[in-house]
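Heads up, the thing below is written out as structure tokens.
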Amino acid sequence: MEERVISRAVITRLPRYYRYLGELLESGVERISSNELSSRMRVTASQIRQDLNNFGGFGQQGYGYNVKYLYTEIGKILGIDRQHNLIIIGAGNLGQAIANYANFEKRGFVIKGMFDINPRLIGLVVRGIEIRGVEDLEQFIADNDVQMAALTIPKTKAPEIADRLVHAGIKAIWNFAHVDLNVPEDVVVENVHLSESLMRLSYRVCSMQDKKKEELERAQKKGTINNR
């Protein structure tokens with residue numbers, strides 16, 4: 001049977017479904033319709049049904065979705081029912097913030113180690129994890145069955161470290177460095193460009209402000225004409 005290709009847009013929405021369903025579970029909600037979920041998520045009910053139909057649907061007409069079951073199944077689709085061993089390269093403010101975020105472990109992401117080149121950081125312990133020098137990188141990956149790495153280092157160092165990670169067997173890189181990485185096709189890279197995200201936010205807020213300014217100017221102009 002030919003494997004169905006799931007669009008990136010659908011995959012991007014799945015973590016949102018998972019988060020909202022988790023909140024519903026915590027609130028004691030046992031089942032929910034696509035319309036009710038739509039009003040919470042601001043995604044159309046038809047889009048929700050279409051997204052979930054990519055994986056079998058999960059709902060029953062006239063009943064809706066069993067929240068716990070759907071939450072569990074989306075977790076399986078996202079792969080967070082399994083443990084993923086993760087290391088962080090770069091133990092500065094951002095790297096330490098990631099290490100201190102305990103919620104990752106609830107999602108199956110276990111931070112096994114942290115690495116840096118700064119001698120002042122090496123040997124420090126962050127949330128029970130000792131910061132090591134990058135010379136230990138390859139051996140640590142092999143000894144701890146590490147599959148994923150987060151890069152929170154300057155972009156000038158990222159390509160070299162990425163090459164070392166790939167050769168050491170890393171299959172997924174969470175890239176916070178402001179550079180595009182050249183990796184083999186069987187290595188997954190998720191880029192997180194914080195400045196780009198902030199610029200998108202700037203565009204949206206400026207667009208709203210410009211729109212309101214135009215509406216105000218039109219209203220003032222109309223009022224001037226009506227008062228003549």
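The values are calculated or read from the model by the stated rules, or taken from the named source; none is laboratory data. Small disclaimer: the values here were computed from a predicted structure and weren't measured. No Cβ is skipped: glycine too gets one built from the backbone with ideal geometry, and neighbour counts run over all protein chains shown. Only protein heavy atoms, including side chains, enter the accessible area calculation; ligands, DNA and RNA are left aside. Shrake-Rupley method; radii C 1.70, N 1.55, O 1.52, S 1.80 Å.
By the Cα gyration tensor, segment 74-228 has an equivalent ellipsoid whose semi-axes, rounded to whole angstrom, run 44, 17, 16 from largest to smallest.
Bridges between two residues of the chain, per DSSP, are antiparallel at a rate of about 20%. Put +1 on the Cβ of each Lys and Arg and -1 on the Cβ of each Asp and Glu in the chain; which of Leu86, Asn182, Gly56 then has its Cα farthest toward the positive end of the dipole? In the chain, that residue is Gly56. Across segment 161-228, Cα pairs under 8 Å and at least six residues apart give a relative contact order of 23 percent. When Val67, Val179, Val205 are compared by accessible surface with a 1.4 Å probe, the order from highest to lowest is Val205, Val179, Val67.
The antiparallel fraction among DSSP beta bridges confined to segment 1-127 stands at about 35%.
Among the GluC sites (Glu not before Pro) in segment 17-87, those located in a DSSP loop and surrounded by at most 12 other Cβ atoms within 10 Å of their own Cβ are Glu30. The mean sequence separation of alpha-carbon pairs under 8 Å and at least six residues apart, normalised by the residue count of the chain, gives a relative contact order of 12 percent. Farthest towards the positive end of the charge dipole of the chain, among the residues Met114, Ser34, Gly95, is the Cα of Ser34, using unit charges on the Cβ of Lys, Arg, Asp and Glu. DSSP assigns beta bridges within segment 101-201; of those with both partners inside it, close to 15 percent run antiparallel.
Of the trypsin sites (Lys or Arg not before Pro) found in segment 1-101, the ones in coil according to DSSP and having at most 15 other Cβ atoms within 10 Å of their Cβ are Arg4, Arg42, Arg82.
Using DSSP H assignments, which helices in the chain have an axial alpha-carbon span of 20 Å or above and a mean Kyte-Doolittle hydropathy of -0.5 or higher? Intermediate values should be presented prior to the final figure.
Values: long enough: 8-26 (28 Å, -0.31); 194-226 (48 Å, -1.05).
Long hydrophobic helices here: 8-26.
When +1 charges are put on Lys and Arg Cβ atoms and -1 charges on Asp and Glu Cβ atoms, the dipole computed for the chain relative to its Cα centre reaches about 1480 debye.
Beyond 30 Å in Cα-Cα separation lie the following of the pairs Lys112/Lys155; Lys112/Lys157; Lys68/Lys155; Lys106/Lys171; Lys76/Lys157: Lys68/Lys155; Lys76/Lys157.
The chymotrypsin sites (Phe, Trp or Tyr not before Pro) of segment 6-45 include none that meets both criteria, a DSSP state outside H, G, I, E and B (loop) and at most 12 other C-beta atoms within 10 angstrom of the site's C-beta. Taking 7 Å steps out from each Cα toward its Cβ at Asn53 and Arg120 produces label points 5.9 nm apart. So for segment 44-129, considering every pair of alpha-carbon atoms, how many percent are separated by more than 20 Å? The proportion of pairs with Cα distances above 20 Å equals 52 percent. Here the relative contact order of segment 56-166, from alpha carbon pairs under 8 Å that lie six or more residues apart, stands at 27 percent.
Can you give the percent of C-alpha pairs in segment 1-148 whose distance is more than 23 Å? For segment 1-148, the share of Cα pairs beyond 23 Å comes to 50 percent. For Thr152, the accessible surface of its heavy atoms amounts to roughly 30 Å² (probe 1.4 Å, protein chains only, rounded to the nearest 10). Taking Leu21, Leu78, Leu201 in turn, the Gaussian network model of the chain (Cα-Cα springs below 10 Å) assigns the largest fluctuation to Leu201. Considering only Ile131, Ile161, Tyr65, and ranking their Cα positions along the charge dipole of the chain that arises from unit charges at the beta-carbon of Lys, Arg, Asp and Glu, the one farthest toward the positive end is Tyr65. Under the convention that each Lys and Arg Cβ holds +1 and each Asp and Glu Cβ holds -1, the size of the dipole of segment 118-228 around its Cα centre is about 1360 debye. Averaging Cα coordinates gives a centre for segment 92-132 and one for segment 154-179; these two points are 17 Å apart. In this view, the solvent-accessible surface of Lys157, computed with a 1.4 Å probe and all protein chains in place, comes to about 100 Å².
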